[in-house]
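Worksheet: the structure to be examined is printed underneath.
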Amino acid sequence: MITKEYIITASQGIHARPATTLIRLAKNFKSSISLKKADKTIKLNSMLNILSLGIKSGEQISIIIEGEDEISAVIALDQFFKDQLKDL
């Protein structure tokens, strides 16, 4: 299991467009991928799940990845959070 923490830097936080991209990315992997904000953890498989967290700019989230391709998944998710969320 791999857990990575991120601070959301996009001024609008995670809204529908990046949530959709994040879900599509997660579906490329066999590993179970979850997103955690504060005390709530959701599976990364539904836009409603992600939007229900109300992730705003400056907030910390954790991504939890567990499975056979977790290293590939964490590399891809790292890239997503470094590149995609800067200005969305």
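Taken together, the values in this text are just the output of simple stated rules run on the coordinates, not laboratory data. All of these numbers come straight from a predicted model, not from anything done at the bench. So basically every Cβ, Gly included, is an ideal-geometry build from the backbone, and we count neighbours across all protein chains shown.
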Self-check item: Enumeration of residues in segment 45-75 that are closer than 15 Å to Glu5 by Cβ and not charged (D, E, K, R)
Solution: Leu53, Ile55, Gly58, Gln60, Ile61, Ser62, Ile63, Ile64, Ile65, Val74
Quiz item: What are the residues in segment 24-51 that are crowded, with 17+ Cβ neighbours inside 10 Å and among the aliphatic types (A, V, I, L, M), if any?
Solution: Leu25, Ala26, Ile33, Leu35, Leu44, Ile50
